[in-house]
Amino acid sequence: MPNPSAVAANDYDLGEAYVMKRREIFGICFVVLVGLFAAATIVLSERRPSASVDGHDHGSHEHEGHSHAGHSCGSGPHGGKILTEGELTVELAIHENGSAPHFRAYCSEKGKPIDPRDITVAVEITRLGERVSKFHLVPDKEFLFSSEEVEHPHSFEVKVTAHHKGESVEWEYWQIQERLEFSPTIRSKMGIETDEAGPRTIASLLRLPGEVAFNADKVYHIVPRVAGVVLDACKELGHPVKKGETIAVIDSRELAEARSKYLVAFEREKLARYNFERAERLWEKQTIAEKEFLTAQKAFLEEKIELSSSARKLMAMGATEEEIASLPSQPMSELTRYEIRAASDGVVVQKHLAPGEWVKEDAEIYMIADLSDVWVEVTVYAADLKRVRVGQKATVSSDLAGLRESGEVSYVGPVVGEDSRTAKARIVIPNPDGTWKPGLFVQVALTDGEITVPVAVKKDALQTHKDQPVVFVNFGDEFEPRPIRTGRTDGRHVEVVKGLAPGESYVCSNSFLLKAELGKQGISHQH
């Protein structure tokens, strides 16, 4: 039998050991928890907040980091950041009351204002992406100010340097405004995608309907100028013709009468010339009276005028000088024959005569067109008139005919049709092979500007914030709206004239979610 006293002693020792073990475990757990709490506190104190903090004249809150030389605290009477070191105080504010934002520094020593001319203040700001801007403040009556604009957003690390009485003081603090932070996981769930800003060719195209037409400057309407009966129609539709080539022959009594008058005048002038020359020789020998000489001279001049008048009438009927000069040597049977010649190279596009037909002097018997180039008549809607101009590059195409050609706008109509509410523009395109047929409907693409720009972003990236266009730039997990000035667009991309540098990352998809997030968090300020 075991000794009861020994058993009791052993049970007591085991219980005491168990209690001691539990105390050790609790102590270790307590130390671990205290360490975790301290670590979390340090991490949270070192993280920069995403809340909006600024130092504007209208008042705000800021997150600050102290420098070794000075310290900062609170907001001053001008709504700026109070920076102190010893007896020196500098209040740095961003003033934008109806003007471009700029820095203002109000300086004092022992509570008394310092003459702005007796102190030097410089400000250096570092934005997302390590973009550094420096501002050298110049004195005014009561403060120092920066002539350079402080662009939005006013979110950056600030470094202030002041020189006064031979000493330099520096302050550093953070001013965070309109900044968001998302992890890659959250970005993926939101569908937020980024791209790099960079150079791109921007082309804005205006598509309009058009129709191929004759070049009206190279269309020739042939009329006989004299009435008669058609003896021969030498050319048919589609036939090519050369300048000066005979295209029709007419038998004209009217032309015969005109030629006969010319021949009579020609013979009368020849006789009058002979009589005048004979009288002139006799008068020089003083064998006839002066009156007889003058009479011969007058008769010669009258016949000469009549001959010239007959020749001009024939020329009005289409005769050339060479043809008129050859009339006296032609047989009488040719007096009624009238050959009509082409005025230019081209193609017969209309024909209105046949052998045996009577034609009037003003009837259009042929139309000849030079088709080496053609016009494209473009229908321009009233809303698009401001986008169409002379000299504008254009592409004309026909999917049905498989044709495509480049040209430029040579004419824009000055009026808009009452019924159609459209105007006409014109493009001249080459047609050496005659493949562009007048009457063919075509599509016209006008290039409303085309240029390679240094920086462009996708159109979907643009948002409007504070009544100005912005894109959300991205650095790591941080995002903020960047005000930009836009330029050309082709409907898919937009040129960025100011505010974004090549290579910078921006949100190209679902950027509206970031704008909504700013609104929900109340980060945005109205200035």
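None of the figures in this text is laboratory data; all of them are computed from the coordinates on show. Note that the coordinates shown come from a computational prediction; the quantities given were computed from them, not determined experimentally. Note: ideal-geometry Cβ built from the backbone for every residue, glycine included; neighbour counts use all protein chains shown.
So, in nm, how far is label Arg341 from label Ala227 when the simple model puts each one 7 Å beyond its Cα toward the Cβ?
Here the modelled spin labels are 2.7 nm apart.
Karplus couplings for segment 464-471 from phi (6.51 cos²θ - 1.76 cosθ + 1.60, θ = phi - 60°), rounded to Hz, Gly and Pro as x?
9, 9, 6, 6, 9, x, 9, 10
What do you get for GluC sites (Glu not before Pro) in segment 334-401 restricted to DSSP loop and a cutoff of at most 15 other Cβ within 10 Å of the site's Cβ? Walk me through the numbers on the way to the answer.
Working: sites: Glu334, Glu339, Glu357, Glu361, Glu364, Glu377; in loops: Glu357, Glu361, Glu364.
Answer in residue order: Glu357, Glu361, Glu364.
Within 10 Å of each candidate Cβ there may be at most 16 other Cβ atoms; applying that plus a DSSP loop requirement, which trypsin sites (Lys or Arg not before Pro) in segment 80-147 survive?
Working: sites: Lys81, Arg104, Lys110, Arg117, Arg127, Arg131, Lys134, Lys141; in loops: Lys110, Lys141.
Taking segment 80-147 and a limit of 16 other Cβ atoms within 10 Å, the loop trypsin sites (Lys or Arg not before Pro) found are Lys110, Lys141.
Using amide H atoms built in the peptide plane, which far-off residues or other-chain residues are under 5 Å from Tyr366 H to H?
Ile222, His352
Please turn the phi angles of segment 94-110 into ³J(HN,Hα) values with the Karplus equation 6.51 cos²θ - 1.76 cosθ + 1.60 (θ = phi - 60°), one per residue in order, whole Hz, x for glycine and proline.
Listing the rounded values in order: 9, 9, 8, 7, x, 9, 5, x, 8, 6, 10, 10, 10, 10, 8, 9, 6 Hz.
Search the structure for amide H atoms under 5 Å from the amide H of Glu178, placed 1.01 Å from N in the peptide plane, and list their residues when 5 or more places away or on another chain.
Residues meeting the criterion, in which the H sits 1.01 Å from N, are Ser52, Val53.
Tally Lys/Arg at +1 and Asp/Glu at -1 over every other residue whose Cβ is under 15 Å from the Cβ of Lys360; what's the total?
On the way: positive: Arg225, Arg253; negative: Asp251, Glu254, Glu357, Glu361, Asp362, Glu364.
Here the charged neighbours net out to -4.
Let me know the Kirkwood hydrodynamic radius for segment 415-527, please, with Cα pairs as the basis and the value in Å to one decimal. It would help to have the intermediate numbers written out before the result.
Working: mean 1/r = 0.0556 Å⁻¹.
Across segment 415-527, the inverse of the average 1/r is 18.0 Å.
Say the cut-off is 21 Å between C-alpha atoms; which of Lys81/Lys159; Lys159/Lys466; Lys459/Lys515; Lys189/Lys520; Lys110/Lys141; Lys218/Lys243 go over it?
Numbers: Lys81/Lys159 12 Å; Lys159/Lys466 27 Å; Lys459/Lys515 16 Å; Lys189/Lys520 18 Å; Lys110/Lys141 19 Å; Lys218/Lys243 13 Å.
Going by Cα-Cα distance, Lys159/Lys466 fall outside the 21 Å limit.
Using alpha carbon coordinates only, what is the Rg to Rh ratio of segment 71-177, with Rh defined as the Kirkwood radius? Please list the in-between numbers first.
Values: Rg = 13.0 Å, Rh = 13.9 Å.
Reported Rg/Rh, Kirkwood definition of Rh: 0.93.
Based on C-alpha coordinates, I'd like the Rg and Dmax of segment 311-391, in Å.
21.3, 68
Quick one: what Rg and Dmax do you get for segment 187-236 from the alpha carbons, in Å?
30.9, 90
Extension gain Arg389-Ala445, at 0.36 nm per residue separation less the Cα-Cα distance, in nm?
Values: separation 56, 0.36 × 56 = 20.16 nm, distance 1.31 nm.
Length gained, Arg389 through Ala445: 18.8 nm.
Please identify the trypsin sites (Lys or Arg not before Pro) of segment 420-470 that satisfy two criteria: DSSP loop assignment and at most 11 other Cβ atoms within 10 Å. Which are they?
Arg421
Can you give the local net charge around Val219? Use residues other than it whose beta-carbon is closer than 13 angstrom to its beta-carbon, Lys and Arg +1, Asp and Glu -1.
Values: positive: Lys218; negative: Asp217, Asp345, Glu364, Asp370, Asp373.
Net charge in that neighbourhood comes out at -4.
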